[in-house]
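Here the structure comes first, spelled out in structure tokens, and everything after it is commentary.
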Amino acid sequence: MLGEQRIPAAERSAAAPYPLVARNGRSETTRVRVGAVEIGGEEFVVAAGPCAVETEEQVRASARAVAQAGARLLRGGAFKPRTSPYSFQGLGREGLRLLAAAGRESGLPVVTEVLSAEDVPLVASSADMLQVGARNMQNFALLKALGAAGRPVLLKRGLSATIEEFLLAAEYIVCHGNPDVVLCERGIRTFETATRNTLDLNAVAWLKTATHLPVIVDPSHGTGLRHLIRPLSKAAVAVGSDGLIVEVHPQPALSLSDGEQSLTPEEFSALMGELGRCVPFEGRTLASPRPEAAGPRATLCLRRLRERIDGLDEALARLLIERAKVAAVIGRAKRASGLSIHAPEREDDVLRNVAKLASGPLGPREIERVFRAVIEETRRAEESSE
Ligand code: PEP
Ligand code: MN
């Protein structure tokens, strides 16, 4: 409605058929706030938790584990859209209550699915973000109701939806009054049967250029296979995704739904460690493991933090070695052109460039101090190159 009123019919037909969600030359991605978390900014945001809320113990254990490992949102289905009517359908209202309590206890905002327009007020009264499942992406009554939900929406791509249909579904929510929509690529139906779905990373790259809305990836439903979550999560980072939603269960073998694609808490923690190494390469940040969420298990958290540091140190050392190798070639090029190895203006430029990246605990002076040492080593590599 909002959009219909604001955009004259002539303009609507000339531009993309989804004028409110189209990027239209905007360089910034829209930031969608979920509680204190912001999706679409510098941070790569990870949502994690069980496919379905099953018991109080299960959802609390999941919440604790994912919060400790650095997840920023807790996921969990209370109303489950199951392919078979005989499969576990979720705990309903009780599931919502348990999820909200686990979220409060672990300090994480919660995201959960809403199956119908009638349920929107109920789910919105207890969840921080409302999920539209793949099977409901074109439930237009639901999309319209979400326009007035007063909560951000996580819109999953339909099983066989084109990218345009996906964006038009988002347009429905926005033009009915709710601008806070995050898109989620969760795999599509193809002829392939080796994996549950085909995670369409083309779509993620395409969407990042076509819409200003944040886009996240669900490698759990996208692959259906636990051992593929790690590589596809890394691919999601590389392709420009703004975050992930991952299924984690304290005992996947006992899970009432999607156990084969759920990570154990240990596997999730290892995944976060690995993402901690690749996220900075895309110019983004990733939350660290949180000792506050670990309570009496703070020593375990300390171990994970040290593992995170070890991973970063390994990446740093490899980068420094690559840098020195390039410097050696530069040394040869300078010698071949009769230039002197020492180039003070160039070194000043390098220092100025890296100082611009200063943030958090490393201010421009600290960065400069570290890079003076790096430059000195590089000069040595240039001088000793043959
Ligand atoms: C889910 O997130 O548990 C879910 C049902 O996902 P999808 O709608 O993508 O199948
Ligand atoms: Mn699931």
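The values are calculated or read from the model by the stated rules, or taken from the named source; none is laboratory data. Not measured: the values here are computed from a predicted model. Backbone-built Cβ (ideal geometry, glycine too); neighbour counts: all protein chains shown. Please note that ligands, DNA and RNA were not included when accessible areas were found on the heavy atoms of the full protein model with its side chains. Shrake-Rupley method; radii C 1.70, N 1.55, O 1.52, S 1.80 Å.
Before moving on, here are some points about what is shown:
- Cα-based shape type of region 296-384, given that a ≥ b ≥ c are square roots of the gyration tensor eigenvalues and the cut on a/c is 1.5: oblate
- Summing charges over all other residues whose Cβ lies under 10 Å from the Cβ of LEU263, with Lys and Arg as +1 and Asp and Glu as -1, gives -1.
- Normalised by the number of residues in region 60-179, the mean separation of alpha-carbon contacts (under 8 Å, six or more apart) gives a relative contact order of 20 percent.
- With R₀ fixed at 22 Å, the C-beta to C-beta distance from GLU307 to PHE281 puts the FRET efficiency at about 0.75.
- Checking every one of the trypsin sites (Lys or Arg not before Pro) in region 172-278 against DSSP loop status and a limit of 16 other Cβ atoms within 10 Å picks out ARG189.
- Solvent-accessible area per residue in the chain equals 48 Å², computed with a 1.4 angstrom probe and all protein chains kept.
- Taking all Cα pairs closer than 8 Å and separated by 6 or more residues, the relative contact order of region 114-271 comes to 15 percent.
- Expected 222 nm ellipticity per residue - DSSP helices of 4 or more, -39500 (n - 2.57), all of the chain, to 500: -14500 deg cm²/dmol
- The chain - share of DSSP beta bridges that are antiparallel (%, nearest 5): 20
- In the chain, the portion of solvent-accessible area held by carbon and sulfur atoms comes to 55 percent [1.4 Å probe, whole percent, DNA, RNA and ligands not counted].
- Listed residue pairs exceeding 23 Å between alpha carbons, taken from LYS80/LYS144; LYS208/LYS234; LYS156/LYS234; LYS156/LYS208; LYS234/LYS356: LYS234/LYS356
- Across region 296-384, C-alpha contacts under 8 Å between residues 6 or more apart give a mean separation that, scaled by the residue count, equals a relative contact order of 39 percent.
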